[in-house]
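Comments concern the structure below.
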Amino acid sequence: MNSGHPKSPRRAPIHDVPGAAYISPKVAHNHPHSPPTTEALPPGWVKQYDPVSQRHFYVDTAVPRSTWSHPYKDEQYLREHGGRPEKQNIRRHSSASQGIASPVIVGPQRERCANGEPAKKRLKVTSTSPKSAPAAFAHDDFTRELELLLRRDFSFPGKYCHAATTASAANPGLNVKGIGILGLPLSERDAKLVQSLIAASTNVQHPVGNVWELDSSSVECSNPAWSTYLEEIVLKDIWKKLAPHCSRPRLVLQSLLLWEASSDILEYECTESPKRMTDEFATIHVILPSFYTGGHVQLSFSGSSENYDLSATSSFSTSLVAWYHGVDCLIKPVESGRRLALSYRLVGGDEGPRPSLPSMTEKLHELRRFFRKWSDIQEYEPDAAPSIIAYPLLHEYRDNDLRADTLKLEDRHKVIHLKGLSDELGFQLGLATLDDHLIGTADESSNRDGQGRPRMLRVNTRRLTIKEVFDFDGVPPSRTVVVLFERRRTVEALLHTRRTSYALERLYNVDRRRTSPVDRKIVAYVLASLYRQQPYNFSAQTALAEIAIGWNDVKLWNETARSTCPHGSLISALDSLKWLDAWKQFSFEGVRESIEYCCEKKGIQKCLDFFLEADPDAFMSVETGPTLDAVLHWSSEQLRKALDTMQHLERGQAPLFTALIRRKGIQFFWHVVMPSITRVPNAYEFWAEFLRSVYSLRPEHTHNEEDARTFNSLSDEGLDTIISDFSLLVRSGEIATRNRRLSEIIDLCISTRRLDMCRRVLYLTVPRDQGVDWVQDIVSPLYVPNLRRVLHDHSIEVYHKPFTDFFRAVIGCYLQHVLGPFSGELRRICGSCNVCSALDDFMVSPKLTQAHFVGARTHTTHLQTHLMSAADVVSFFSIADTAVVGGNVLIVNKNQDPEADPQWRSRKKRAVEFLLTIGEMPIIDRIMGTRYNDVLLALDGKAHFIHLEDGSRTSNSSPTRRLAIHQLVQGRWVATSLADEHSS
């Protein structure tokens, strides 16, 4: 209900919150008039003036609650915000566990944050008690009155009607005297036979409603399984639903009924049957399998009604419908086909009284008076009665598909009667979920309940929260209550309980052309939800923008625009806001501040994207003349502002800048945009994509020499920016990234016809000494092969300028430091004999190629035995020494054939493979020029390639061989002389 100021019930409400329980202050004469105080108010309180009583009063906007006294002098405020128990535990309990069985008055309350401020837009529902305020006594009287009305004669344990369908029922074996066994589903032939039999026995050719009835004396169910089905399935189901607390009833067959298509409505008055037994209390129709449509069964009692359509599964299933005597039964006509049913009487058991429906006339009359009284008080004294009452049901319902027809026993009995009265008197009845929040001292030492919650020793605060309200369509699992409120307050109540989900449902049906108070509330609620809802609801924002434009409400549109979330692009956000339509409706000045606010909220990058894509033609479709010039100037200023604060550029933005050149020309881009984007660091990906796009624009945008020069300047400055970033990357030592970007930049330079930049880029990767440290770079698979592939894609040979110098340096470095010179295999032959130590020294010396051993034959023969095991690396022969009797000279030569050395062969193979990544040998010849012969000698192992930056050749003379002459001295070979000689 609405909260007003004290003692002014007809005054406009302070807070138009649906379902609010108003708590009035103490009467005025108990608080003498005092001058206004300037003492500070607690958070959430406001001070207002009542012109009727000419006094100030104070309103707690979080509850809401009003009082004549200052909060710090108000007893309730001091009691609620005074001392706290030493130990408090907060537990959330279901209402059932705390014994909530009486009606409660509920109203909204804002939860407070830890700092004492009211939580934004979070309405709660609280129960009030007589301790809260004097006005609550009247509310409490209402709840007690309703409780008493619903207790008396509303404890009927069953239902007044029931229907069900079973697909596995037995065939009754229906035997009709004079016809025989009838087949099921009923055939047209058997139906005509039944009609003819009934017409012959009753002399009635056209019964009322085309319903043919055959007495039970002429009908027999011959299948024994049918009796079992009736006893175990039908009777148990009906007994449980209609009369669960009576002794077991029994079934008595009354007649066989056959319906044909008719336009009449047949009304059955079961209580007036002349053959009625004294203990019978209900009628059951067992509808046998038959083909038909229509024939709805409508059952009514005390203002409530049920409508059953059993035709959908009639062809091969057995259905039943049962109702108490005293219930009005109307069976609508069968539209097509025929329906066959057995009619039974339900007779009470031998023990206890006969079940019967309670007489509800007097009780419903009292409830009707209660509703009218409530409505009158709501109209004339809104503070004296609640606007919404919640009544807990007896059972808890936790099924996700809970509906009104699934309520149990007493709950259903109460609900169906309340529903009829609500519809009659302009009230709304719904099912709702109720949460009971208790704050107090918990008994941690006691046993916990089934849900693991401790029992409460003391409850300091209790808050009831209605989470959902549904009009019998479905309720999520929780504690279920019935809620009552006036139908004219339906929107407020459902907004208060179902909150955003209900508001969104109603939003899309709001009239875009006319406004109303209810629509205003819906719009205000949805608008408030946009500020807190996650994920952001863009469709709701669009609907609000359309409503604001339709209502010509610039304030609403601006508030909707300011709810924009920071996620997503600015373009899509403004499109969602229908900003061009709003511009037309409210003028540019009316929406400009909100657009700038959206730009600021989205961030510089998204703002930049928008103004780069902003189409002047779109502006021209809205504005003309001086106003258009002002808008274009504003757009340019916003673009400059975004550019000046830009921190990074991405590849995906290149199309935006390219489109800007198309729209505004190269001169605008060069003078306005270029100075800002060249200052953005680490923009390699952007510039690589952008320069390619710009080069493709050149033919269509170079209308004069000035534009051509500007394009060249733009390309040069863009490439300079790329090369500057690349030089930083080279110094960082990231070889893989550097090699990949090298080929990409070369490709870009070639694509934009700036070959002069290629040499500058290439030699950024070449060290000054071109020494051994460069080897790890040039052998990388991303270095030479990628570069060679780029040149091949552009049909450029590696020996063309400026690439030939680079590849010459690469080849020279590799041959010098990777291939290296051939030195033969150095190994010892003997290693264990002192006599042969001179031979081993000769074998491991890289400078000696020949040795002479002069001595006795016995000693040279000893050397020969060791040399014979190393025939792969040495050759030898001996000659007689003519100067000494018995002397001999052993001549030993190291083998100098590189192809015989497996290590050299492996190195040479890798070198050849590396050269092939650059090109075939004729291409290597064109690259190396005069030094190609040095390359061949290095590959043959005949000369070590020395890479020189000046391009001078190494000596082509034959290698020098050094000779060592050994003499035998005291049993050991000693080198007595060394000699150099040139091989021919």
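The values are calculated or read from the model by the stated rules, or taken from the named source; none is laboratory data. This is a predicted model, so every value here is computed, not measured. With ideal geometry, Cβ positions are generated from the backbone for all residues, glycine too; neighbour counts draw on all protein chains shown.
Just one of the listed residues (ILE927, ILE891, ILE879) is touching a Ser or Thr at 6+ places or on another chain (Cβ under 9 Å), on the phi < 0 side of the Ramachandran plot and surrounded by fewer than 17 Cβ atoms within 10 Å (Cβ to Cβ), namely ILE891.
One line per residue, one yes/no per condition, for (1) aromatic (Phe, Trp, Tyr); (2) surrounded by fewer than 16 Cβ atoms within 10 Å (Cβ to Cβ); (3) farther than 30 Å from HIS966 by Cα:
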| site | (1), (2), (3) |
| --- | --- |
| ALA883 | no, yes, no |
| SER906 | no, yes, yes |
| LYS909 | no, yes, yes |
| VAL912 | no, yes, yes |
| GLY919 | no, no, yes |
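Of everything in segment 781-796 that is of a type in the set (A, V, I, L, M, F, W, C) and outside any helix (DSSP H, G or I), the residue that is modelled with the highest pLDDT is ILE796.
Among residues of segment 688-705 that are among the small types (Gly, Ala, Ser), those with a beta-carbon under 6 Å from a residue that is assigned to a helix (DSSP H, G or I) and modelled with pLDDT of 80 or more at least six positions away or on a different chain give the pairs ALA688/LEU748; SER693/ALA654; SER693/THR658.
Residues in segment 767-805 that are surrounded by 13 or more Cβ atoms within 10 Å (Cβ to Cβ) and touching a His at 6+ places or on another chain (Cβ under 7 Å): GLN770, VAL775. Restricting segment 28-59 to residues that are under 20 Å from THR461 (Cβ atoms) and modelled with pLDDT of 80 or more, the residue that is surrounded by the fewest Cβ atoms within 10 Å (Cβ to Cβ) is PRO42. Do we have any residue at all in segment 338-345 that's modelled with pLDDT of 85 or more, buried (at least 19 other Cβ atoms within 10 Å of the Cβ), touching a Pro at 6+ places or on another chain (Cβ under 8 Å) and small (Gly, Ala, Ser)? Checked segment 338-345: no residue is modelled with pLDDT of 85 or more, buried (at least 19 other Cβ atoms within 10 Å of the Cβ), touching a Pro at 6+ places or on another chain (Cβ under 8 Å) and small (Gly, Ala, Ser). GLU637 fails exactly one of the following numbered conditions: (1) modelled with pLDDT under 80; (2) acidic (Asp, Glu); (3) more than 34 Å from the chain's Cα centre (by Cα); (4) farther than 25 Å from HIS703 by Cβ. What is the number of that condition? For GLU637, the exception is condition (1).
Taking the criterion of being exposed (fewer than 15 other Cβ atoms within 10 Å of the Cβ), farther than 25 Å from GLU589 by Cβ and not charged (D, E, K, R), the residues of segment 634-658 that qualify are GLN647, HIS648, GLY652, PRO655.
Going through LEU748, LEU764 one at a time, which residue ends up being of a type in the set (A, V, I, L, M, F, W, C) and either surrounded by fewer than 16 Cβ atoms within 10 Å (Cβ to Cβ) or more than 43 Å from the chain's Cα centre (by Cα) (or both)? Give the steps one after another, and end with the answer.
Numbers: LEU748 fails: either surrounded by fewer than 16 Cβ atoms within 10 Å (Cβ to Cβ) or more than 43 Å from the chain's Cα centre (by Cα) (or both).
Every option except LEU764 fails the conditions.
Candidates are the residues of segment 229-259 that are touching a strand residue (DSSP E or B) at 6+ places or on another chain (Cβ under 7 Å) and farther than 22 Å from THR165 by Cβ; the one that is modelled with the highest pLDDT is VAL252.
Quick one: in segment 709-743, which of the residues that are acidic (Asp, Glu) and part of a helix (DSSP H, G or I) is farthest from PRO675 (Cα to Cα)? It would help to see each step written out before you state the result.
Step one: list which residues in segment 709-743 are acidic (Asp, Glu), which gives 716-717, 720, 725, 734.
Cutting the leftovers down to part of a helix (DSSP H, G or I) gives us 716-717, 720, 725.
On the way: ASP716: 14, GLU717: 10, ASP720: 13, ASP725: 17 Å.
Of everything passing the filter in segment 709-743, ASP725 is farthest from PRO675 (Cα to Cα).
In segment 538-560, is there at least one residue being in the same structural domain as ASP609 (by TED's automatic domain parsing), crowded, with 19+ Cβ neighbours inside 10 Å and closer than 18 Å to GLY603 by Cα? No; the residues of segment 538-560 include none that is in the same structural domain as ASP609 (by TED's automatic domain parsing), crowded, with 19+ Cβ neighbours inside 10 Å and closer than 18 Å to GLY603 by Cα. Of the residues screened, VAL761 is not one that is among the β-branched types (Val, Ile, Thr) and outside any helix (DSSP H, G or I). Residue count for segment 665-687 under the criterion of being among the charged types (D, E, K, R) and without any contact (Cβ under 8 Å) to a residue 24 or more places away in the chain: the result is 1.
Go through segment 731-745 and report how many residues are among the aliphatic types (A, V, I, L, M) and surrounded by 20 or more Cβ atoms within 10 Å (Cβ to Cβ). Talk me through it step by step, then tell me what you get.
Filtering segment 731-745 down to residues among the aliphatic types (A, V, I, L, M) leaves 735-736, 742, 745.
Remaining after also requiring surrounded by 20 or more Cβ atoms within 10 Å (Cβ to Cβ): 742, 745.
Counting residues in segment 731-745 that are among the aliphatic types (A, V, I, L, M) and surrounded by 20 or more Cβ atoms within 10 Å (Cβ to Cβ) gives 2.
Of all the listed residues (ILE722, ILE735), the sole one being farther than 16 Å from LEU649 by Cα and β-branched (Val, Ile, Thr) is ILE735. Please verify whether VAL631 is over 27 Å from HIS671 (Cβ atoms) and at pLDDT 80 or above, treating the condition exactly as stated. It is false that VAL631 is over 27 Å from HIS671 (Cβ atoms) and at pLDDT 80 or above. Do the conditions hold for VAL591, that is, is it more than 27 Å from the chain's Cα centre (by Cα) and either surrounded by 21 or more Cβ atoms within 10 Å (Cβ to Cβ) or touching a residue at least 60 places away in the same chain (Cβ under 8 Å) (or both)? Criteria met by VAL591. Scan segment 765-772 and give yes if some residue there is of a type in the set (Ser, Thr, Tyr), touching a residue at least 40 places away in the same chain (Cβ under 8 Å) and not in a helix (DSSP H, G or I), otherwise no. No, segment 765-772 contains no residue that is of a type in the set (Ser, Thr, Tyr), touching a residue at least 40 places away in the same chain (Cβ under 8 Å) and not in a helix (DSSP H, G or I).
I'd like to know if segment 130-146 contains one or more residues that are in a loop (DSSP other than H, G, I, E, B), touching a strand residue (DSSP E or B) at 6+ places or on another chain (Cβ under 8 Å), surrounded by 20 or more Cβ atoms within 10 Å (Cβ to Cβ) and modelled with pLDDT of 75 or more. Scanning segment 130-146 turns up no residue that is in a loop (DSSP other than H, G, I, E, B), touching a strand residue (DSSP E or B) at 6+ places or on another chain (Cβ under 8 Å), surrounded by 20 or more Cβ atoms within 10 Å (Cβ to Cβ) and modelled with pLDDT of 75 or more. Here ALA404 meets each of (1) surrounded by fewer than 19 Cβ atoms within 10 Å (Cβ to Cβ); (2) at pLDDT below 80 with one exception, condition (1).
With respect to the conditions (1) closer than 27 Å to TRP551 by Cβ; (2) modelled with pLDDT of 80 or more, GLY652 falls short on a single one, namely (1).
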